[in-house]
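**Student:** Pasting in a structure now, in structure tokens, and then I'll have a few things to ask.
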Amino acid sequence: MKVTAKEISKQLGVSIATVDRVLNNRANVSEKMRKRVLEKAEEMGYVPNRMASILSRKVTFHVAVVYKEYPAYFWEQIETGIAQAELELRDYGVTVHRFRLPVEAFTESPERIQEILADDTIDAVAIAALGDAISPYLKASKKPICTFNVDAQNSGRLFYVGCDYYSSGRLAAELVAKLVPAQGKVGVLLGGNHDYQAREKLQGFREGLEEFRLELCKAVRLGESDLPFQPGQQWQKEMAGLDGLYVATAELGNVAEFFSKYPKHQVAALVGHDMNDLIYKHLHTQMIAATITQDPVSQGYLAIKKLFSLMVLEDEDAKQSTITKLEIVMKNNASYYT
């Protein structure tokens, strides 16, 4: 049974207020009384209530959360988790500052990220570290920093919250292998940034296909000129004749929508990542065979909660990175993920 200040006060025959002042290191208590209370607390196995202590000390903790603008649907799901954590921690002095930045801020023009890292009103930073270009700035910063969704392993970050992208690529390979005919031709569609996430997915997918004795025939990277999708673009020519296609970027729904309008480009097995209205639609039209989700709500939620636990509650266990679950979604279980 948890020992309380009231029980300690009964044992010592002193007021609860006196015990509370000692346990919370406040003034107006003699050294003799302070010693008596602390010795009795230790004898009774008293464990401080850190959350109550934070309330009494009126701690403030400002967290900057930095992530991309695109794709909007995915980051809105991340924001749901951020908002949930902020609501739970609001009474404990936590304020979250959200910064949705264009992709260039993580690659070519990191000035805005440098400004956030230099802001003295920010106590800690959670960042989706899209580009390797920002790692030196993260490493040079004196602020506590965690990464979420996309890691930057050489940045000196405290911990990472997000999925294992290598395993994600292997899981996609297993799905494709089960859906295409023997000796089927398989391709992968990648985004424009060859960042850590993209490299891990591609490596996992390639090695996963080898396990099923399938060869990766085509790996095509989408450029800015390929969006929005229109007939006659280069990626369509390179993907012609495939049996299976893994969309390893945020365009799964748009690819499926394009295939539905131009059936000659369709593949037997189209798989990719995440969930939105368009993906849900084409799971039901069966244009998409399956999608792999990565629990984005938990990524946003845990990034905030773990920073609070580590920096405010001083819980060293929070330094452990958290790998979020991968789940396969198909037509008949899609309603559970919307």
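The values are calculated or read from the model by the stated rules, or taken from the named source; none is laboratory data. On a predicted model such as this, the values are computed, not experimentally measured, just so you know. Here Cβ is always computed from backbone atoms with ideal geometry, including for glycine, and neighbour counts include all displayed protein chains. Side chains included, ligands, DNA and RNA excluded: accessible areas come from the protein's heavy atoms. Shrake-Rupley method; radii C 1.70, N 1.55, O 1.52, S 1.80 Å.
**Student:** Looking at region 61-81, is at least one residue modelled with pLDDT of 90 or more and among the polar types (S, T, N, Q)?
**Tutor:** In the first step, residues of region 61-81 are kept if they are modelled with pLDDT of 90 or more; the result is 61-81.
Pick out the ones that are also among the polar types (S, T, N, Q) and you get 77, 80.
Yes, the conditions are met somewhere in region 61-81.
**Student:** Looking at (1) over 15 Å from residue 326 (Cα atoms); (2) without any contact (Cβ under 8 Å) to a residue 40 or more places away in the chain; (3) in contact with a helix residue (DSSP H, G or I) (Cβ under 8 Å, 6 or more places away or on another chain), which is the one condition that is false for residue 191?
**Tutor:** Result: residue 191 passes all but (2).
**Student:** Would you pick out the residues in region 115-167 that are among the hydrophobic types (A, V, I, L, M, F, W, C) and part of a loop (DSSP other than H, G, I, E, B)? Write out each step before concluding.
**Tutor:** Start the filter on region 115-167 by keeping residues that are among the hydrophobic types (A, V, I, L, M, F, W, C), which leaves 116-118, 122, 124-130, 133-134, 138, 140, 145-146, 148, 150, 152, 158-159, 161, 163.
122, 128, 129, 130, 150, 152, 158, 159, 163 - these are the residues of region 115-167 that are among the hydrophobic types (A, V, I, L, M, F, W, C) and part of a loop (DSSP other than H, G, I, E, B).
**Student:** Here's a follow-up. Scan 311, 330 and give me the residue that is in contact with a Pro (Cβ under 6 Å, 6 or more places away or on another chain) and either open to solvent by 20 Å² or more (accessible area, probe 1.4 Å) or closer than 20 Å to residue 171 by Cα (or both). Explain how you work it out, then say what you get.
**Tutor:** Working: 330 fails: in contact with a Pro (Cβ under 6 Å, 6 or more places away or on another chain).
Just a single option satisfies the conditions, and that option is 311.
**Student:** Restricting attention to region 314-327, which residues are surrounded by 15 or more Cβ atoms within 10 Å (Cβ to Cβ) and more than 14 Å from residue 148 (Cβ to Cβ)?
**Tutor:** Scanning region 314-327 gives 326, 327.
**Student:** Here is a list: 240, 268, 248. Which entry is closer than 23 Å to residue 208 by Cα, in contact with a Lys or Arg (Cβ under 9 Å, 6 or more places away or on another chain), modelled with pLDDT under 95 and not hydroxyl-bearing (Ser, Thr, Tyr)? If you could, list the steps in order and put the result at the bottom.
**Tutor:** On the way: 268 fails: in contact with a Lys or Arg (Cβ under 9 Å, 6 or more places away or on another chain); 248 fails: modelled with pLDDT under 95.
Of the residues listed, the single one that is closer than 23 Å to residue 208 by Cα, in contact with a Lys or Arg (Cβ under 9 Å, 6 or more places away or on another chain), modelled with pLDDT under 95 and not hydroxyl-bearing (Ser, Thr, Tyr) is 240.
**Student:** Another question, if that's okay. Find the residue count for region 90-130, including only residues that are free of Cβ contacts under 8 Å to residues at least 12 places away in the same chain and of a type in the set (Val, Ile, Thr).
**Tutor:** Looking only at that region, the number is 0.
**Student:** Which residues, counting only those in region 5-50, are polar (S, T, N, Q), open to solvent by 60 Å² or more (accessible area, probe 1.4 Å) and closer than 20 Å to residue 313 by Cβ?
**Tutor:** Residues satisfying the conditions are 25, 49.
**Student:** Name the single residue that is most open to solvent (accessible area, probe 1.4 Å) among those in region 251-292 being of a type outside the set (A, V, I, L, M, F, W, C) and closer than 24 Å to residue 84 by Cα. First the steps, then the outcome.
**Tutor:** Kept after step one, since they are of a type outside the set (A, V, I, L, M, F, W, C), are these residues of region 251-292: 251, 253-254, 257, 260-266, 272-274, 276-277, 280-282, 284-286, 291.
Restricting the remaining residues to those that are closer than 24 Å to residue 84 by Cα gives 273-274, 276-277.
Numbers: 273: 7, 274: 17, 276: 36, 277: 134 Å².
Applying the filter and picking the extreme gives 277.
**Student:** Another question, then. Is it the case that some residue within region 97-104 is closer than 18 Å to residue 60 by Cβ and modelled with pLDDT of 95 or more?
**Tutor:** Restricting attention to region 97-104, the residues satisfying the condition of being closer than 18 Å to residue 60 by Cβ are 97-98.
Remaining after also requiring modelled with pLDDT of 95 or more: 97-98.
The answer is yes; a qualifying residue exists.
**Student:** Next up: Please determine, by comparing only the residues of region 137-184 that are buried (at least 19 other Cβ atoms within 10 Å of the Cβ) and of a type in the set (S, T, N, Q), which one is modelled with the lowest pLDDT.
**Tutor:** Applying the filter and picking the extreme gives 155.
**Student:** While we're looking at this one, here's another question. Output the number of residues of region 210-237 satisfying the condition of being touching a residue at least 24 places away in the same chain (Cβ under 8 Å) and either charged (D, E, K, R) or open to solvent by less than 70 Å² (accessible area, probe 1.4 Å) (or both).
**Tutor:** The qualifying residues number 15.
**Student:** Does residue 295 fit the bill of being closer than 24 Å to residue 161 by Cα and either open to solvent by 10 Å² or more (accessible area, probe 1.4 Å) or within 30 Å of the chain's Cα centre (by Cα) (or both)?
**Tutor:** Judged against the criteria, residue 295 is a match.
**Student:** In a helix (DSSP H, G or I), in contact (Cβ under 8 Å) with a residue 60 or more places away in the chain and open to solvent by 10 Å² or more (accessible area, probe 1.4 Å), is that true of residue 306? Before you say what the answer is, go through the steps one by one.
**Tutor:** Numbers: in a helix (DSSP H, G or I): yes; in contact (Cβ under 8 Å) with a residue 60 or more places away in the chain: yes; open to solvent by 10 Å² or more (accessible area, probe 1.4 Å): yes.
So residue 306 fits the description; yes.
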